[in-house]
Amino acid sequence: MAQTKLIIGSKNYGSWSLRGWLLAKLAGLEFVEEIIPPDDPMMRAELLLLSPSYLVPCLIHEGLRIWDTLAIAEYLHEIRPKGGLLPKDRADRARCRSICGEMHQGFSSLRSSMPMNIRARHPGFVPHSGARADIERITTIWRECLAMSKGPYLFGDLTMADAMFAPVVTRFVTWDVKLESPLSGYAQRILAWPAMQEWIEHARKEPEEVPEFEAEF
């Protein structure tokens with residue numbers, strides 16, 4: 001049987017790579033990583049939002065190539081239905097898919113002005129109005145989900161929704177977005193997720209830099 005592979009980009013800067021990687025970990029899928037360095041011209045274009053995300057993440061499983069993050073999530077749910085990527089309740093599954101779709105398609109102001117950079121810190125950063133609107137919408141989603149599920153994660157147990165929003169948690173740390181309870185507790189639980197800890201450790205050791213992401217926007 002062909003080896004299962006997940007193609008990803010930078011662990012320090014690659015928010016979509018992180019999502020795909022967490023989804024595969026959550027599903028319990030064994031895989032090897034192939035990392036495209038950020039100095040690759042096509043990878044750099046993706047990181048800087050200058051081209052669609054065609055390169056990463058890309059899951060190669062049993063001869064199939066699945067490259068869209070939501071497609072990867074749904075595929076993993078099909079082949080690992082006990083992995084818990086989607087909630088058991090039908091209404092919860094619908095809400096989970098809805099907020100994942102919103103994360104997948106939206107929040108462009110946050111993405112462009114507050115890029116993921118796990119190693120960086122910008123204390124006292126003041127987001128512009130578009131990013132503030134995105135932050136307000138994201139925190140509203142989290143607050144509503146936690147109120148309905150009673151935690152500790154958005155739908156009680158870890159699901160694809162937590163994987164989709166995990167890079168936002170790192171952005172909030174990097175760009176000094178203050179969160180109140182229960183959102184602060186939720187963010188800390190995501191950062192304490194063993195898979196997240198593993199990713200963050202690797203990101204901190206990554207030698208490559210993207211200069212555009214090292215400056216305060």
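The values are calculated or read from the model by the stated rules, or taken from the named source; none is laboratory data. These numbers were taken from a predicted model, which means no experiment stands behind them. With ideal geometry, Cβ positions are generated from the backbone for all residues, glycine too; neighbour counts draw on all protein chains shown.
Screening Leu76 with (1) modelled with pLDDT of 95 or more; (2) not in a helix (DSSP H, G or I) gives one miss only, at (2). On the given criteria, is Ile60 at pLDDT 90 or above, aliphatic (A, V, I, L, M) and either outside the structural domain of Ser113 (by TED's automatic domain parsing) or surrounded by fewer than 23 Cβ atoms within 10 Å (Cβ to Cβ) (or both)? Yes, satisfied. Of the residues in region 131-153, at least one is in contact with a helix residue (DSSP H, G or I) (Cβ under 7 Å, 6 or more places away or on another chain) and either under 19 Å from Lys11 (Cα atoms) or among the acidic types (Asp, Glu) (or both). Scanning region 117-144 for residues that are touching a residue at least 40 places away in the same chain (Cβ under 8 Å) and either part of a helix (DSSP H, G or I) or among the aromatic types (Phe, Trp, Tyr) (or both) yields a total of 6. Looking at region 84-93, is at least one residue in a helix (DSSP H, G or I) and closer than 19 Å to Arg19 by Cα? Yes, because at least one residue in region 84-93 is in a helix (DSSP H, G or I) and closer than 19 Å to Arg19 by Cα. Quick one: would you say Ser98 is more than 19 Å from Leu158 (Cβ to Cβ) and in a helix (DSSP H, G or I)? Spelling it out, it is not the case that Ser98 is more than 19 Å from Leu158 (Cβ to Cβ) and in a helix (DSSP H, G or I). If we scan region 52-61, do we find a residue that is free of Cβ contacts under 8 Å to residues at least 24 places away in the same chain, in a strand (DSSP E or B) and within 16 Å of Trp21 (Cα to Cα)? There is no residue in region 52-61 that is free of Cβ contacts under 8 Å to residues at least 24 places away in the same chain, in a strand (DSSP E or B) and within 16 Å of Trp21 (Cα to Cα). Taking the conditions (1) within 19 Å of Trp16 (Cβ to Cβ); (2) modelled with pLDDT of 95 or more; (3) not in a helix (DSSP H, G or I); (4) not aromatic (Phe, Trp, Tyr) in turn, Leu110 satisfies each one other than (3).
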